[in-house]
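The next block holds one structure in the form of structure tokens; read it before the comments.
The values are calculated or read from the model by the stated rules, or taken from the named source; none is laboratory data. Here the structure is a predicted model, which means the values were calculated and not measured. Positions of Cβ are generated from backbone atoms using ideal geometry, with glycine treated the same way; all protein chains shown enter the neighbour counts. Side chains included, ligands, DNA and RNA excluded: accessible areas come from the protein's heavy atoms. Shrake-Rupley method; radii C 1.70, N 1.55, O 1.52, S 1.80 Å.
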Amino acid sequence: MNPKERIIELRRVLHEHNYRYYVLNAPVISDFEFDSLMRELQDLEAANPDMYDPASPSMRVGSDITKEFKQVFHKYPMLSLGNTYSKAEVAEFYERVKRFLNEDFEICCEMKFDGTSISLTYINGRLTQAVTRGDGEKGDDVTANVKTIRSIPLVLSGDDYPAEFEIRGEVLMPWDVFERLNVERDRNGEQLFANPRNAASGTLKLQDSSVVAKRGLDAFLYFMLGEQLPAAGHFENLKAAERWGFKISSLTRKCSTLDEVFDFIDTMDVERKNLPFATDGIVLKVNSLRQQKNLGYTAKSPRWAIAYKFQAERALTRLNEVTYQVGRTGVVTPVANLDPVQLSGTIVKRASLHNSDIIEKLDLHIGDMVYVEKGGEIIPKITGVDTESRFMLGEKVMFIKKCPECGTPLMRNEGEAAHYCPNDTSCPPQIKSRIEHFVSRDAMNIDSIGPETVELLFNYNMIKDIADIYTLQAEDLMFLPRMGLKSAENVVGAIKASLEVPFERVLFALGIRFVGATVAKRLARAFVNIENIMNASLDELKDVEEIGERIAASVINFFAKEENRVLVARLRDAGVNFTYTEKEGTVKSDKLAGMSIVISGVFTHHSRDEYKNIIEQNGGKNVGSISKLTSFILAGENMGPSKLEKAQKLGIRIMNEDEFLALLQ
Ligand code: IVH
């Protein structure tokens, strides 16, 4: 088999295994085998660029090229659904349809998935475009991001699909993925997502599809549109879509009577609590496409469909106390301590009160009977007070003025709801969680030091900041509770091994607010060492792709503090790595030696930062503005008109990406 035939074969096989794994949940090969086939395909594709295929399974890993989303008009507007909140309203809908049609009809009942909607276009069995709902008329073209969702087929199976059609559905983030993501964001000092719906839509709008690829999104499809659909009924069309490789929910039932619809609602209101993803109701659709057409649409929604929203579960219980938690970045969160109460299958004892404004709005008093709800969020919240049952008014809840941990007066930034403790250098929970972050797996990976060990080391006064970790000796450690000589030696070994951790992870480990793993990587690549970052101006920081005002300001603030500069110096003395080294295997030559190259426009094969690196690795110099001395311009799409004019005037060569890459081959 020649390489080209092998590429085609591998693509077919990988599409198949992908479908078995992500849609059917029934893999037949191991992850390892899957990964090696994928690697073989990626290598062959890299060696045979003429075999480029936007629907190749290798496209699922995404790329970090930044592009603004293109706005696309929907061929058919994306409407919303009318909502109902009671069975009586569902009955009204049913009767309305019955009166209008005056003939037998069936209702297809489905789950209402609580994610973000997407419209996919397939032409000749290949995914060509994925667009968000936007304002219903036009949305964002998020095709690159959607391609990373493994349960969405890039190429369809079978041969009876229409030449062109659209299929709509919901992109979701399963509960377990959502919870893991929030733990990670919390560790990085990033704002938490309130619910999986926000997490899914936020992820879909990320600029870097290689980050999207790692976020574990999933998708269910529930609505097919086109001129030549396979069947005369909605349910049957979805069955056909299922054969072509789409993920269609099995929790769908065709009902012929209102009682059957009610039965579905009752069953699902219980079943939904066991589902691995969030749902917020049931959607009822008249099944026959002919009848749908007769019923038609109002300006906002179809007359042939309606949503029934589940009641958020609510419980009434007593508020005993409000306590306050201090997070890694110093934000103080009020927590309601309650009489234990059963809610959505778990016992709730605590609920978040978010911030002082919410406490004020609820006019909370200790001893009040409060309503607790679990909406789409994992942390229950207090939504109201049962003032009727107040027979004696308890003490009014007043937000604290001082940090409960270190006594420092709390602060609040203009326009922000949260109070925070500004004592970031010696407030114990802030220090402890910074240390936990520093040793965590994606940071310095000193995983033999868990949160309990951090607690012990801190309480025994053995470490007061992250640099103290490098002073720890096995002889000292072995006297800690539950630690013998062997584990002490392991800890010291892991600390020593952390000196090999690459700079970008060290930078992430420092715990600078808003500097997550991806941002750290970009900064490390762009500035090469810590001195350059410490001395960079706001504008220089903002010049790096994806780094905006907020992140740049946070980096500046961090290094403006003398104690952080001292910390870096102490870490460096301990041998921690503060210089970026390119991974092995990158092209290196002197083909661009002595050349000054200007980069302009938007690229498809590599990001700007990557091109900057490629130029440097091949001996060239990347310069900002065009002059007589410019050797050539590496131009992507949408090169600025003034640059173009200047280049033409000076007779400087404009090279596109492909020519540039060919030059380096
Ligand atoms: S059908 C014209 N089916 O609910 C009908 N929508 O409020 C198009 N949704 O924007 C929608 N699950 O994001 C339909 N099984 C389901 C659904 C569903 C969730 C969402 C969808 C839509 C919103 C309508």
Long-range amide H partners of residue 445 with built H, under 5 Å: 440
Karplus-derived 3J(HN,Hα), 6.51/-1.76/1.60, for each residue of the stretch 115-132, Hz, glycine and proline x: x, 10, 7, 9, 10, 10, 10, 10, 10, 6, x, 10, 5, 10, 7, 10, 10, 6
Dipole of the stretch 304-403 [Lys/Arg +1, Asp/Glu -1 at C-beta], most positive-end residue of 305, 371, 399: 399
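State the extension gain, in nm to one decimal, for the chain segment bounded by residue 160 and residue 206, taking 0.36 nm per residue of separation less the distance between their alpha-carbons.
On the way: separation 46, 0.36 × 46 = 16.56 nm, distance 3.46 nm.
In short, 13.1 nm is gained.
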Sequence-distant aspartates and glutamates (8 or more away, or on other chains) whose Cα lies within less than 20 Å of residue 628: 645
Net charge of Cβ neighbours under 12 Å - reference residue 441; Lys, Arg +1; Asp, Glu -1: -2
Integer Hz, Karplus 6.51/-1.76/1.60 couplings in order for the stretch 320-334, x for Gly and Pro: 9, 6, 10, 10, 10, 10, 10, x, 4, 8, x, 5, 9, 10, x
Solvent exposure of the stretch 509-665 as accessible area per residue, Å², 1.4 Å probe: 53 Å²
Surrounding net charge for residue 54, when Lys and Arg each add one and Asp and Glu each subtract one, Cβ distance under 9 Å: +1
Anchor residue 464: lysines whose Cα lies under 25 Å away (excluding residues fewer than 8 positions away in-chain): 402, 432, 486, 496, 561
Heavy-atom surface of the stretch 152-247, accessible at 1.4 Å and reported per residue (Å²): 40 Å²
Kyte-Doolittle mean at least 0.0, axial Cα span of 30 Å or more - DSSP H helices of the chain: none
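Accessible area of the chain with a 1.4 Å probe: how many percent of it is carbon plus sulfur? Mind showing how you got there, number by number?
On the way: 16690 of 33090 Å².
The computed percentage sits at 50.
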The stretch 204-350: relative contact order in percent, alpha carbon pairs under 8 Å with at least 6 residues between: 13 percent
Total formal charge among the other residues, if their Cβ is under 11 angstrom from that of residue 110, Lys/Arg +1 and Asp/Glu -1: +3
Beta bridges per DSSP with both ends in the chain, % antiparallel, nearest 5: 85 percent
Amide H within-cut-off set for residue 343, under 5 Å, with H built and near neighbours excluded: 348
Note, ³J(HN,Hα) from phi for the stretch 412-421, Karplus 6.51, -1.76, 1.60, rounded to Hz, x at Gly and Pro: 9, 7, 3, x, 10, 7, 8, 8, 9, 8
The chain: calculated mean residue ellipticity at 222 nm from DSSP helix runs of at least 4, using -39500 (n - 2.57): -10500 deg cm²/dmol
Cys residues of the chain counted as unpaired, since no other Cys beta-carbon is under 4.7 Å: 108, 109, 255
Per residue accessible area in Å² of the stretch 1-91, where ligands, DNA and RNA are left out and the probe is 1.4 Å: 60 Å²
Distant-in-sequence amide H partners of residue 579 (H built 1.01 Å from N, under 5 Å): 503
Relative contact order (percent, whole number), the chain, Cα cutoff 8 Å, 6+ residue spacing: 10 percent
